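Q: Have a look at the structure that comes next, please.
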Amino acid sequence: MFMNKIKDTTHSSFNTGNLSNGCKMCVVGKKLVLFITGACPRKCWYCPVSDNKIQHDVIYANESNIFNVDEAINEAKLCNSSGMGVTGGDPLTKVNRVSDYIKAFKKEFGKKFHVHLYTSFDLVNEKNLEILYSSGLDEIRFHPDLNDDSKWNRILLAEKFDWDVGIEIPCIPDMIKETMYVIKYFKDKVDFFNLNELEAADVSKNLVFDKGYKSKDFLSYGIKGSEELAFVIMKKFNDLNIHFCTSRLKNIEQLGNRIKLRAKNIKKDYDIITRGGSLIRGAVYLKKNNNPDYKTHNLEDLKNFLDKSLNNDFDIDIRKNRLLCSKSFIKKNKSYLKNLGLYPAVVEELATSDLFEIEIDFL
């Protein structure tokens, strides 16, 4: 039997054999993450979905709450995405919605735009799989219940379609027997396995810790012992295609690479892009008082006034109630702006949809 060595992907993850096409794009930040719904028939204690999403019928494209497919497509363009991962909740609770999104993305970007999807076996039937396949789904990943194999045979339905099929499970430190049983059962039925590092994050945080698990260090979401189990599995089944996806890969590498791509598309001429993909820029914040000349809702008038008085073209940022310009310009004119009762600042923020602030330095 041919034995594969455990390889470092250079993206804070490890694998034996080959990575799935979905993973190849994910690790470099080239996949749009489409959270299609928080609805799910299962309540897994280790689920990392956040409180504002879990069991709520909301849609997110990357970090942005969206309401239609056009918004999702626009986010994909901003991030130079060459594929999409559909997740939840369980996407099969809204299978027709999923179908509409996949079709729209394939129409916009072409058949080569790679789409993979995560689901459990709970809602798997031939009708639902036919809807996904006919929509253009390229890769499907199943999350089997580790304590109940009664629905595992539904994997046979997926084998009827010409797509890549995988199994994705968390590495739970004291469930080595159950994990090995999963691998043995599915190894001749799927193309690849993804092992996820167990995390303590958001809604699952207390449940994970309540079961006695501990973080591997104070800087990580990852749970102590999860990585060790993954390497045990990869060594024992090193003739299979197995990818160990670490907490760092998901929360730093993948997200970071995607943000860097997004920064290049949303930057203004005056923005400075850092190596980490954040934007450094000048900002004028409005003082929250009863000044009759510069009320917080009248950004357009303020922009017109400052454009003329300072001979500079400011940009309006309605969401954060501010004007934007270059770092050098804001420093040069800080005294003038402060005399008007305004707050000039230099800000550093991530190139996410919400422009998450890393630092604000009021001058």
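The values are calculated or read from the model by the stated rules, or taken from the named source; none is laboratory data. Only a predicted model underlies this, so the values are computations on that prediction, with no experimental measurement involved. Note that each Cβ is placed from the backbone with ideal geometry, even for glycine, and that neighbours are counted across all protein chains shown. Each accessible area value is taken on the protein alone, full model and side chains, heavy atoms only, with ligands, DNA and RNA left out. Shrake-Rupley method; radii C 1.70, N 1.55, O 1.52, S 1.80 Å.
Q: Got a number for carbon plus sulfur as a percent of segment 231-289's accessible area, 1.4 Å probe?
A: Details: 1330 of 2750 Å².
Roughly 48 percent of what the probe reaches on segment 231-289 is carbon or sulfur.
Q: For a Förster distance of 25 Å, can you work out the FRET efficiency between the beta-carbons of Asn74 and Asp315, rounded to the nearest 0.05?
A: Details: r = 18 Å, r/R0 = 0.74.
So, using R0 = 25 Å, E works out to roughly 0.85.
Q: Across the chain, where is the longest run that never hits chymotrypsin sites (Phe, Trp or Tyr not before Pro) in a DSSP loop with at most 10 other C-beta atoms within 10 Å? Don't skip to the answer; put the middle values down first.
A: Details: sites that count: Phe2, Phe67, Phe218.
Answer - 68-217.
Q: Once you have the Cα-Cα distance between Asn238 and Ser134, take 0.36 nm times their residue separation minus that, and quote the gain in nm to one decimal.
A: Working: separation 104, 0.36 × 104 = 37.44 nm, distance 3.37 nm.
That works out to 34.1 nm of additional length.
Q: Per residue, how much accessible surface does segment 1-152 expose to a 1.4 Å probe? Answer in Å², no decimals.
A: Normalised by residue count, the accessible surface of segment 1-152 is 45 Å².
Q: Tally up the carbon and sulfur contribution to the accessible surface of segment 2-52 as a whole percent, 1.4 Å probe, everything protein left in place.
A: Roughly 60 percent, rounded to a whole number.
Q: Now a separate question. For Lys264 and Ile6 in one chain, what is 0.36 nm times their gap in residues minus the Cα-Cα distance, to one decimal in nm? All intermediate terms of the calculation are to be shown ahead of the outcome.
A: On the way: separation 258, 0.36 × 258 = 92.88 nm, distance 3.44 nm.
Gain in length upon complete extension: 89.4 nm.
Q: Now, a different point. Determine, from the Cβ-Cβ distance of Phe161 and Ala104 and an R0 of 22 Å, the FRET efficiency 1/(1 + (r/R0)^6), rounded to the nearest 0.05.
A: Working: r = 21 Å, r/R0 = 0.94.
Calculated transfer efficiency: 0.60.
Q: Taking the Cα centre of each part, how many Å lie between segment 41-117 and segment 330-359?
A: Their Cα centres are 33 Å away from one another.
Q: Residue separation times 0.36 nm, minus the C-alpha to C-alpha distance between Cys44 and Glu178: what's the value?
A: Numbers: separation 134, 0.36 × 134 = 48.24 nm, distance 1.55 nm.
Using 0.36 nm per residue and subtracting the Cα-Cα distance, I get 46.7 nm.
Q: Here is a follow-up. Rounded to the nearest 20 debye, what is the charge dipole size of the chain about its Cα centre when +1 sits on each Lys and Arg Cβ and -1 on each Asp and Glu Cβ? Walk me through the intermediate numbers first.
A: Working: 55 positive and 50 negative charges, 172 e Å.
It comes to approximately 820 debye.
Q: Rounded, prolate or oblate for the chain? Axes are the square roots of the Cα gyration tensor eigenvalues, ordered a ≥ b ≥ c, and the cut-off for rounded is a/c under 1.5.
A: Because a/c hits 1.5 or more and a/b exceeds b/c, the chain counts as prolate.
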